[in-house]
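Please treat every number below as a calculation from the coordinates, not as lab data. Just so it is clear, the model here is predicted, and its values are computed rather than measured. We place every Cβ from the backbone using ideal geometry, glycine too, and count neighbours over all the protein chains shown.
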Amino acid sequence: MKLLPLVLAAAFGMLSAAQAEDGYQLWLRYQPLEKPALAGYRGVGTEVVSASHSATAKVTADELVRGLSGLLAKRIAAGDSIRTGGAVLFGTPTNSPTIASLKLPLENLGPEGYVIRSLTVKGKKITVIAGNSDIGALYGAFRFLKVIQTRAPADHLDIVSAPAVKLRLLDHWDNLDGTIERGYAGASIFNWWTLPEHVSPRLVDYARANASIGINGAVVINVNASALILTRDYIAKVAAIADTLRPYGIKVYLSARFSAPIEIGRLPTADPLDPAVRAWWKNKADEIYHAIPDFGGFLVKANSEGQPGPQDYGRSHADGANMLADALAPHGGVVMWRAFVYSHEVPDDRIKQAYSEFKPFDGKFRDNVIVQVKNGPLDFQPREPFSALFGATPATNTGLEVQITKEYLGFNTHLVYLGPLWQEVMQSDTYAKGPSSTVAKVIDGSLFGSKLTLMAGVSNIGADRNWCGSIFDQANWYAFGRLAWDPNASAGDIANDWVKLTFNNNPALTKPVVGLMMGSREIAVDYMTPLGLAHQMGTSGHYGPGPWVDDAGRPDWNPVYYARADRSGIGFDRTATGSNAVAQYFPAVADKFSKLETTPENLLLWFHHVPWSYRVASGRTLWDELVSRYTDGEAKVHAMAGTWAKLKPLIDAERFDVTADDLTIQERDAKLWRDASIAYFQSVSGLPLPAGMKAPAHSLSYYKALSWPYAPGQGGPGRKILPPPEDDTQH
Ligand code: BDP
């Protein structure tokens, strides 16, 4: 990242016109501190010292020099011994005798943890950043910079931190042609065409950003994978990426197409029990490790949505995963086998499938296999209950997959901070071993003692200048890393840090912006899918409303399948009288979700088919409540835009304006969601709108005729294009 001119801001947040704020720098802006704050950091000194000469130590020194010279607006020198009073010393007990002599509490921190201490050594004031490896020290360096970026005191530091989850990965759904499935921030940052000769310098900034939040791996291609990535030429390209990311502690992983032995290996089968197939994968793994000695492993989407898999040969998920695991094991690689499966035979309830297919295989997977489970049983909806697989497979490494890119949450133009969604999942109690068996404890391995733990996030990164398609979507990348490091972290604290790092430290700004962020997810739920509704988006693109859609390729792709609205009521009966999906949860949870009265209102229609006349907590009928939720959602987006407008004097023009425009789009869409949903559900319920509620602006047929054929992220052309609807504005 290029250093910006060191111009001191005259006041909080007042940036000089010379400082372009296009979002490229993310949360690593290192703007000079305000004069009064500077005084607090005199003790930090002017030297960055390390005795290590590894590539990681070099980038750590570079980052500290870049960060400190930016923040403190003075010259910072890098060297290998402490010359003056006031230095930042980083390293490990192995490469630094000074650090070894300090006997810091590093024993239980593993290879990636760190200690930061303010100390006086031989009369000199130093800040020590120590890890058991250079990577630990790199993480500590970013944390130390954050202390200053957020204006926290730095004189008496005593910070100890280590990640709770071992693999903290971004899953890129990037295709070899440069498009990104469900990507809303432009083309892929991986330019396969010019690799390996040219590696975009942007990948260094990508690595810095990831390392700053503890992300330690990247799956660089889509789960709907092309087998080509496993050919010699592409492996060389992947190796060039791996070389670039390595100093930052980031390993590269690949999605592996199960039928690759047929497609590129010219074998007649991909049967996982066939010796030739097994040998092919073993050789392939050897070839990859030859080029990339620290290759992470494979991510696999098998027998799901038309992808090939072991079931094509009458074999099980365990047979498939274990074959790949055996090929990778000699090199220390892992297999992340996705539980997002649903077969061609449409079952009675699609959300039951992952559990039904994986629970029977508990204990049958190799030690280097992790079953990667989406947070909810359906598909990254604005709200779902946690997946019943969490806690159900104590003898299987179970990882969590969340979606950072907002496929079902308004893409990059709706301001929706996902921290609260993920925190809600993490803090959900599975009751697997009695109360307090949270999903977080499954993910960090503490509940069942699993050693191999994983949190993966489907990336929202693209080649847009601001990386994520909007400034606020950067917060979701940031929050993902922070929660993967500490699944019990608070979404509010993370938002607060992000706002300070991204904008500035002025409480007149941070408070309202954090407020906006923290409320935003619930607001999106209200205007899209309130009260436990799910999958009401138009087919394919998943952008606008489509609650009426009933003609998609298979029943369980249709919104009507999920809402089950009729004259008598709405919602999916998943109790014993319906699909009985509740039975997949542990009894305490199943009991709660089985009864209307104990089901949390925000999941009501997920679990129950409820009469329109049912009285909810507010005292309203369900119908009136549904209409008010949609209406509230729309009104609150309007209020968000109002809050943002008032912040104009506190934010640079560039980032203020683009966000204001996005909020205008979100207001338009929230109105559309509200009106279209009410128009449709009213046509089903036949009930009048509650007193005082505005009627939808258009007729139902108008909304039904809307389509978004060119909505981004659909990976390729060929969508059905409908003519635009006639304008039939009713008021
Ligand atoms: C769905 C997406 C689809 C993905 C699939 C998956 O619509 O593009 O391929 O998930 O996770 O959410 O495999």
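For the chain, the longest principal axis of the alpha carbon atoms and the long axis of helix 202-212 meet at an angle near 90°.
Using only alpha carbons, the range 600-651 has a radius of gyration to Kirkwood radius ratio (Rg to Rh) of 1.23. The Cα-based radius of gyration and maximum Cα-Cα distance (Dmax) for the range 47-110 are 12.4, 36 Å.
Highest mean first, the peptides 134-141, 547-554, 500-507, 603-610 sorted by other C-beta atoms within 10 Å per residue fall in the order 134-141, 603-610, 500-507, 547-554.
Once the Cα atoms of helix 317-328 and of the chain are each reduced to a long axis, what angle between those two axes, in degrees from 0 to 90 to the nearest 10, is obtained? Roughly 20 degrees, rounded to the nearest 10.
Shown here for the range 258-307: GluC sites (Glu not before Pro) in loop regions (DSSP other than H, G, I, E, B) with at most 16 other Cβ atoms within 10 Å, namely GLU305.
Among the trypsin sites (Lys or Arg not before Pro) found in the range 568-675, those both in a DSSP coil and sparsely packed, with 13 or fewer other Cβ atoms within 10 Å of their Cβ, are LYS595. Divided by 2.2 N^0.38 Å, where N counts the residues, the Cα radius of gyration of the range 320-423 comes to 1.20. Sequence-ordered 3J(HN,Hα) estimates for the range 155-170 from the Karplus curve with 6.51, -1.76 and 1.60 and θ = phi - 60° stand at 7, 10, 6, 8, 10, 10, 8, 8, x, 7, 10, 6, 9, 10, 10, 9 Hz, glycine and proline given as x.
Each Lys and Arg contributes +1 and each Asp and Glu -1, all at the Cβ; summed about the Cα centre of the range 561-662, the dipole is approximately 380 debye. Beta bridges per DSSP, both residues in the chain: antiparallel share near 30 percent. Angle check, please: helix 134-149 long axis (alpha carbons) against the longest principal axis of the chain (alpha carbons), in degrees 0 to 90, nearest 10. Between the helix axis and the principal axis of the chain, the angle is about 80 degrees. For the range 141-249, taking the reciprocal of the average inverse distance between every pair of different Cα atoms yields a Kirkwood hydrodynamic radius of 15.8 Å. All distinct Cα pairs of the range 558-598 go into the 1/r average, and the inverse of that average, the Kirkwood radius, is 11.0 Å.
Stokes-Einstein, applied to the Kirkwood radius of the range 72-218 over Cα pairs at a viscosity of 0.692 mPa s and 37 °C, places its translational diffusion at 187 µm² s⁻¹. Choose one of TRP27, PRO545, SER259: the residue whose Cα lies farthest towards the positive end of the charge dipole of the chain (beta-carbon charges +1 Lys, Arg; -1 Asp, Glu; about the Cα centre). Selected residue: TRP27.
The equivalent ellipsoid of the chain has semi-axes of 42, 33, 24 Å, largest first, where each one is the square root of 5 times an eigenvalue of the Cα gyration tensor. Among LYS301/LYS595; LYS103/LYS237; LYS406/LYS441, which pairs are too far apart, with a Cα-Cα distance over 31 Å? LYS301/LYS595; LYS103/LYS237, as the Cα separations exceed 31 Å there.
Given +1 at the Cβ of Lys and Arg, -1 at the Cβ of Asp and Glu and no other charges, the dipole of the chain around its Cα centre is 1960 debye to the nearest 20. Legend: P(r) of the range 392-484 from all alpha carbon pair distances, 10 Å bins from 0, whole percents, reading 17, 42, 26, 14, 2. Amide H contacts of MET537 (H built 1.01 Å from N, in plane; Pro and chain starts excluded): GLY546 sit under 5 Å, all sequence-distant by 5 or more or on other chains. When Rg and Dmax are taken over the Cα atoms of the range 473-590, they come to 19.3, 55 Å. Taking every alpha-carbon pair under 8 Å whose residues sit at least 6 apart, the chain reaches a relative contact order of 12 percent. Since only ILE241, ALA325, VAL300 are under comparison, the one whose Cα sits farthest along the positive direction of the charge dipole of the range 191-328, derived from C-beta charges on Lys, Arg, Asp and Glu, is ILE241. Residue-normalised convex hull volume from the C-alpha trace of the range 523-565: 60 Å³ per residue.
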